[in-house]
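Below is one structure; the comments refer to it alone.
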Amino acid sequence: MRYGYWLPVFGGWLRNVPDETMAATWDYSQRLARRSETLGYDLTLVAELFMNDIKGIDAPALDAWSTAAALAAVTERLELMVAVRPTFHQPAILAKQAANIERIAPGRLALNVVSSWWKDEARRYGVRFDEHDDRYARTEEWLAVVHGAWTEPRFSHAGRYYTVEETILEPKPTQLPVIYAGGESDAAKSLIARRCDAYVMHGDPPERIAPKVADMRARRSALGLAPMIFGMAAYAVVRPTEAEAAREVSRITNVAPGSPAYETYRDWVANTKLEQALSLEDYSVSNRGLRAGLVGTPERVAERVRTFAEAGVDLLLLQCSPQLEEMERFAAEVMPLV
């Protein structure tokens, strides 16, 4: 099992706690990234939203790509999985920017390609918002341009969404970034099986994760492509006793209508195609993280991690609050047991 974590570019993960003592600042982000390397974490996911969907749209949020470039220069081995949304980035230009960051941190840049879901954010930033299946069609073409720019001396493409002529990108990456993506619709899974290297899932119990892994493995095998990496989001609550863990879960799962993040919740549900209905309790922490069940004593959480490994998960993308302190606890008390 590899261990990753979400960089708290929004100042936390809880939609009902205003201050989680992990500010959306460069200072906190770089301290966390540097410390995580010494703790044994393999990867950080730098999410991309231009507005804050956790603490409310008026709250600060860090830019993903400039933050990732800075982290590349101050870390030594941490893989930087940076989210990118095709509707917000021209592909040949993003390919150039990504190649430059990969040169700063050779072999340590990965892309998490996200087909945008936040209609209100697109409106406020003057970006076109495509309907669901159109977003994935755009993403497939976007990936083709990025890959062509990374691999060919001069690359041309004329498609439905993008046209480039004789693009020259030098220097090229020292190695091609791993392409991660997630999605639960058939359009998403078909695209990811064809064009990506890794499938990232929302949190769910092992019995729901195992069939998803099997499905994507079958899709991949049918295409004659190499096996994929499988990652999963998970919110971790590790405490000395089960009762203490349960009290913490109760504290963080009381998002109510009228709270700063409630309208964002409605927008997200309206513009995604999920396999399961999402409750407000699920939404209290992002990406259905609590459904993974990494809650309880170190022994119980470690056993759960082993069960996910048996289900086919290669990478856990952890969220916790406060991030640094809880990651210290997870590294000290859970990782050695696994």
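The values are calculated or read from the model by the stated rules, or taken from the named source; none is laboratory data. Given the structure is predicted, the values throughout are model-derived calculations rather than measurements. Here Cβ is always computed from backbone atoms with ideal geometry, including for glycine, and neighbour counts include all displayed protein chains. Side chains included, ligands, DNA and RNA excluded: accessible areas come from the protein's heavy atoms. Shrake-Rupley method; radii C 1.70, N 1.55, O 1.52, S 1.80 Å.
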Residues whose placed amide H lies under 5 Å from that of LEU109, excluding near-sequence neighbours
LEU80
Charge context of VAL313, other residues only, Cβ under 12 angstrom, K/R +1, D/E -1:
+2
Of all accessible surface on the chain at a 1.4 Å probe, what whole percent is carbon and sulfur?
51 percent
By the Cα gyration tensor axes a ≥ b ≥ c (a/c under 1.5 gives rounded; else a/b larger than b/c gives prolate, otherwise oblate), the shape of the range 37-95 is oblate
(i) 20.3, 68; (ii) 19.3, 62; (iii) 22.8, 72, with the label sought being that of the calculated Rg and Dmax of the Cα atoms in Å
(ii)
So what's the range 279-320 giving for Rg/Rh, alpha carbon basis, Kirkwood Rh from the mean inverse pair distance?
0.99
Calculated from backbone phi, Karplus (6.51, -1.76, 1.60) coupling profile of the range 13-28 in Hz, x at Gly/Pro
10, 9, 8, 10, 10, x, 10, 9, 6, 9, 4, 6, 9, 5, 4, 5
Interchain or sequence-distant (5+) residues whose placed amide H lies within less than 5 Å of the amide H of ALA59 are ASN52
Using 1/(1 + (r/R0)^6) with R0 = 41 angstrom and r between the beta carbons of ARG154 and GLU325, what's the FRET efficiency to the nearest 0.05?
0.20
Cut-off under 27 Å on the C-alpha distance; same-chain residues fewer than 8 positions from LYS55 excluded. Which lysines are left, in chain and number order?
LYS119, LYS273
Under a point-charge model restricted to the Cβ atoms of Lys and Arg (+1) and Asp and Glu (-1), what is the dipole moment magnitude of the chain relative to its Cα centre, in debye to the nearest 20?
420 debye
Given a cut-off of under 8 Å on Cα pairs at least six residues apart, what relative contact order in percent is computed for the chain?
21 percent
Rounded if a/c is under 1.5, else prolate if a/b is larger than b/c, else oblate: which is the range 35-188, with a ≥ b ≥ c the root eigenvalues of its Cα gyration tensor?
oblate
Expressed as a rounded percentage, what relative contact order does the range 103-228 have, with Cα pairs under 8 Å and six or more residues apart?
24 percent
Whole Å is fine, so just give me how far the alpha carbon centre of the range 136-174 lies from that of the range 14-85.
28 Å
Rounded to the nearest 20 Debye, what is the dipole magnitude of the range 92-183 about its Cα centre when Lys and Arg each give +1 and Asp and Glu each give -1 at the C-beta?
300 debye
With the 1.4 Å probe rolled over protein heavy atoms, the chain has an accessible area per residue in Å² of 41 Å²
